[in-house]
1. Return yes when Gly64 is assigned to a helix (DSSP H, G or I), more than 10 Å from the chain's Cα centre (by Cα) and not charged (D, E, K, R) and no when it is not.
2. Just a yes or no: is a residue in the range 65-72 more than 20 Å from Leu2 (Cβ to Cβ) and free of Cβ contacts under 8 Å to residues at least 24 places away in the same chain?
3. If the requirement is being modelled with pLDDT under 95 and out of contact with any strand residue (DSSP E or B) (no Cβ under 6 Å at 6 or more places or on another chain), which of these qualifies: Val80, Val34?
4. Say we look at the range 40-61 and pick out the residues that are in a helix (DSSP H, G or I) and aliphatic (A, V, I, L, M); which of these is surrounded by the most Cβ atoms within 10 Å (Cβ to Cβ)?
5. I'm told Asp79 meets every condition in (1) surrounded by fewer than 16 Cβ atoms within 10 Å (Cβ to Cβ); (2) part of a loop (DSSP other than H, G, I, E, B) except one. Can you identify the failing condition by its number?
6. What number of residues within the range 28-39 satisfy the criterion of being free of Cβ contacts under 8 Å to residues at least 24 places away in the same chain and either assigned to a helix (DSSP H, G or I) or of a type in the set (Lys, Arg) (or both)?
7. Can you pull out every residue in the range 9-27 that is in a loop (DSSP other than H, G, I, E, B), surrounded by 10 or more Cβ atoms within 10 Å (Cβ to Cβ) and either touching a residue at least 40 places away in the same chain (Cβ under 8 Å) or not acidic (Asp, Glu) (or both)?
8. Return the residue satisfying two criteria in turn: it lies in the range 38-61 and is under 11 Å from the mean Cα position of the chain (by Cα) and charged (D, E, K, R), and of such residues it is nearest to Gly24 (Cα to Cα).
Amino acid sequence: DLDFDIRGFKRHPVFYKGIIVTDGEHKGPVMGVVLDRLSLTPNEIIMFDDRLGFLESVEAECKGRHIPFHGYHYLGAEDVVKR
């Protein structure tokens, strides 16, 4: 079964239908567990996120695994939140 809970974190991240849901955990370590569980070594990771810390977390995980990382900090939601 490709759907599974991701253990070892304070919250309850899951991998469901090909999507990693981190439940507020840092995305890098959660992604690392999923890659290990599925025995995956991607050629590269491309990520868009509105939180710089999450991008940095995934970037650090990729660096440790020697996976090229392309992170894009999405800022479009900032105007909506301020209204």
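1. Working: assigned to a helix (DSSP H, G or I): yes; more than 10 Å from the chain's Cα centre (by Cα): yes; not charged (D, E, K, R): yes.
Spelling it out, Gly64 is indeed assigned to a helix (DSSP H, G or I), more than 10 Å from the chain's Cα centre (by Cα) and not charged (D, E, K, R).
2. yes
3. On the way: Val34 fails: out of contact with any strand residue (DSSP E or B) (no Cβ under 6 Å at 6 or more places or on another chain).
The unique qualifying residue is Val80.
4. Restricting attention to the range 40-61, the residues satisfying the condition of being in a helix (DSSP H, G or I) are 52-61.
Imposing the further condition that a residue be aliphatic (A, V, I, L, M) reduces the set to 52, 55, 58, 60.
Working: Leu52: 11, Leu55: 20, Val58: 23, Ala60: 15.
This residue is Val58.
5. (2)
6. Filtering the range 28-39 down to residues free of Cβ contacts under 8 Å to residues at least 24 places away in the same chain leaves 36, 39.
Applying the additional criterion that residues be either assigned to a helix (DSSP H, G or I) or of a type in the set (Lys, Arg) (or both) yields 36.
The number of residues fulfilling the criteria is 1.
7. In the first step, residues of the range 9-27 are kept if they are in a loop (DSSP other than H, G, I, E, B); the result is 9-13, 17-18, 22-26.
Now restrict to residues that are surrounded by 10 or more Cβ atoms within 10 Å (Cβ to Cβ): 9, 11-13, 22-26.
Phe9, Arg11, His12, Pro13, Thr22, Gly24, His26, listed by residue number.
8. Step by step, filter the range 38-61, then rank; the result is Asp49.
The values are calculated or read from the model by the stated rules, or taken from the named source; none is laboratory data. Please read these numbers as outputs of a predicted model, since none were measured by experiment. A quick note on method: Cβ atoms are made from the backbone with ideal geometry, for glycine too, and the neighbour counts reach across all protein chains shown.
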